[in-house]
Amino acid sequence: MKRVSLTQYLVEEQRLNNSIPAELRLLIEVVARACKTISHAVGKGALGEVLGSAESENIQGEVQKKLDILSNEILLEANEWGGHLAAMASEEMESIHPIPNRYPKGEYMLLFDPLDGSSNIDVNVTIGTIFSVIKAPDGMAMPTEKDFMQAGDLQVAAGYALYGPQTMLVLTTGNGVNCFTLDREMGSWVLTQKNMQIPAETQEFAINASNSRHWYPPVTRYVDEMLAGKTGPLGKDFNMRWIASMVTDVHRILNRGGIFMYPADAREPDKPGKLRLMYEANPMAMIVEQAGGMATDGHQRILAIQPQKLHQRVAVFLGSKNEVARVTAYHQVGVP
Ligand code: AHG
Ligand code: MN
Ligand code: MN
């Protein structure tokens, strides 16, 4: 098999489709390199003294794990000096992080969830990093949070790294979705899946069913119908999977289809769902749409939502088109 490296893929993609200018290529390669470093730390586990909590909380009021903080630092340090960015933002930082004055500034802005699936860190279950790339607004001087308030449709690239039995990088620059596997001996990313496509039909769903008593009627109706199986209104049996790392659930769906749901529920009506729009839902929605799937908040495309706040939350329904369309339609018609 002829091996295509990440660098080669990015260079050829630019030649063919003009979609990855040099500065964006540098950005993607730097993020990929940082993910390699995170993967190495994750792989060390107890031997690297990286497991456990850090005795601090992030802006979302969640206890930070040591690896949340370490991964955040790795991504910040890797991306600060290259000249490709104007600012960064992260799940683990309350405010945006402008590039320090001692470094040149670039035209892109990077958002990330440095470590997704934190509850799985200490039990050796697959976790990951999610990232989103947008352009700095024209004429921006000192970046502010307002400059980040761009709908997901304006993302120029999105991706995630997966730290599992294999370390992988899944990437889109708006021209399909490709997957790279880390060759751990060589330290290089090798293209292993081209143009990933999510099947439109599925018989597999992912939702944290322990929240079912709090769900709103459209979600209850939909899950009840799936659970009713072949003799129910949907006429087919469904299987359920929930890994509690969005990256890993989404990766399964990219490979064999499925629907992932983290709905808003009645617990805290002013908090729409658990997941964050800008560095979890948006990049995943771009990847899913680029793979032929669909991603909504139950009412509209996630990528069409105009963000109001850096850390805002959003309900998420994504994956196989026909099932996402169905649960979205249930939100429109109300429940009989
Ligand atoms: P994070 O670890 O970045 O805070 O994100 C965790 C998210 C997401 O990855 C996952 O799908 C979901 O939280 C799991 O939620 P439950 O704890 O409700 O299962
Ligand atoms: Mn996350
Ligand atoms: Mn996280």
Subject >> Cross-link table Lys65/Lys135; Lys36/Lys135; Lys230/Lys271, entries beyond 27 Å C-alpha to C-alpha >> reply: Lys65/Lys135; Lys230/Lys271
Original post:
Of the accessible area of the stretch 6-193, with the probe set at 1.4 angstrom, what percent is carbon plus sulfur?
Top reply: 51
Original post:
Applying 1/(1 + (r/R0)^6) with R0 = 56 Å to the Cβ-Cβ distance of Ala209 and Ala141, what FRET efficiency is obtained, to the nearest 0.05?
Top reply: 0.70
Subject >> Of Ser320, Ile243, Ala87, farthest towards positive along the dipole that unit charges on Lys, Arg, Asp, Glu beta carbons give the chain >> reply: Ser320
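Pulled fully out, how much extra length does the chain show between Ser119 and Ala325, if you take 0.36 nm times their separation in residues and subtract their Cα-Cα distance? Write out the running numbers ahead of the final one.
Working: separation 206, 0.36 × 206 = 74.16 nm, distance 3.01 nm.
71.2 nm is the gain from fully extending Ser119 to Ala325.
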Original post:
How would you classify the stretch 6-193 from its alpha-carbon gyration tensor, with a ≥ b ≥ c the square roots of the eigenvalues: rounded for a/c under 1.5, else prolate if a/b is greater than b/c, otherwise oblate?
Top reply: oblate
Original post:
So for the stretch 6-193, taking the charge dipole from beta-carbon charges (+1 Lys/Arg, -1 Asp/Glu), which of Ser39, Thr192, Ala136 sits furthest toward the positive end?
Top reply: Thr192
**OP:** Please report how far the C-alpha centroid of the stretch 239-302 lies from that of the stretch 17-74, rounded to the nearest whole angstrom.
**Re:** 21
Original post:
Where does helix 6-17 land angle-wise versus the long Cα axis of the chain, in degrees 0 to 90, nearest 10?
Top reply: 80
Original post:
What per residue convex hull volume, in Å³, comes out for the stretch 180-318 when only alpha-carbon positions are used?
Top reply: 130
Subject >> Farthest positive-ward along the chain dipole, Cα basis, beta-carbon charges - from Asn58, Ile99, Met109 >> reply: Met109
Original post:
Taking amide H positions as placed 1.01 Å from N in the peptide plane, with prolines and chain starts having none, which residues 5 or more places from Ser56, or on another chain, fall under 5 Å of its amide H?
Top reply: Gln64
Original post:
Of Thr126, Thr37, Thr167, which has the most accessible area and how do the rest follow, probe 1.4 Å?
Top reply: Thr37, Thr126, Thr167
**OP:** Compute the acute angle (0 to 90°) between the alpha-carbon long axis of helix 246-256 and the principal axis of greatest extent of the alpha-carbon atoms of the chain; round to the nearest 10°.
**Re:** 70
Original post:
Along the Cα-to-C-beta direction of Ser5, a point sits 7 Å from the Cα; which residues of the stretch 156-189 have their amide N less than 17 Å from that point?
Top reply: 169, 180-189
**OP:** Could you tell me what % of all Cα pairs in the chain have separations over 37 Å?
**Re:** 14
**OP:** Enter the accessible area per residue of the chain (Å², integer; probe 1.4 Å; all protein chains in place).
**Re:** 43
**OP:** Please determine, in degrees from 0 to 90 and to the nearest 10, the orientation of helix 217-227 with respect to the longest principal axis defined by the Cα atoms of the chain, where the helix direction is its Cα long axis.
**Re:** 80
Original post:
If you build a Gaussian network model of the chain, linking Cα atoms that sit under 10 Å apart, which residue out of Gly83, Gly159, Gly232 swings the most?
Top reply: Gly232
**OP:** Express in nm, to one decimal, how much length is gained between Asn18 and Gln60 on full extension, taking 0.36 nm for each residue of separation and deducting their alpha carbon distance.
**Re:** 11.2 nm
**OP:** Could you work out the local net charge near Asp116, counting Lys and Arg as +1, Asp and Glu as -1, over the other residues with Cβ closer than 11 Å to its Cβ?
**Re:** -4
**OP:** Mind telling me which of Arg25, Arg252, Arg15 comes out most flexible in a GNM of the chain, alpha-carbon contacts under 10 Å?
**Re:** Arg15
Subject >> Simple Cβ-charge dipole of the chain, Lys/Arg +1 and Asp/Glu -1, about Cα centre, in debye nearest 20 >> reply: 780
**OP:** Find the relative contact order for the chain and round it to a whole percent, using C-alpha pairs within less than 8 Å whose residues are 6+ positions apart.
**Re:** 15
Subject >> Separation in nanometres of the label points that stand 7 Å from Cα toward Cβ, at Asn101 and Ala304 >> reply: 4.4
Original post:
Dipole of the stretch 246-336, Cα-centred, from +1 at each Lys and Arg C-beta and -1 at each Asp and Glu C-beta, to the nearest 20 debye?
Top reply: 80
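The values are calculated or read from the model by the stated rules, or taken from the named source; none is laboratory data. In this text the structure is predicted, and so the values were computed from the model without any measurement. Glycine also receives a Cβ, built like all others from the backbone with ideal geometry; neighbour counts cover every protein chain displayed. Quick note on the areas: whole protein, heavy atoms, side chains included, nothing else; ligands and nucleic acids left out. Shrake-Rupley method; radii C 1.70, N 1.55, O 1.52, S 1.80 Å.
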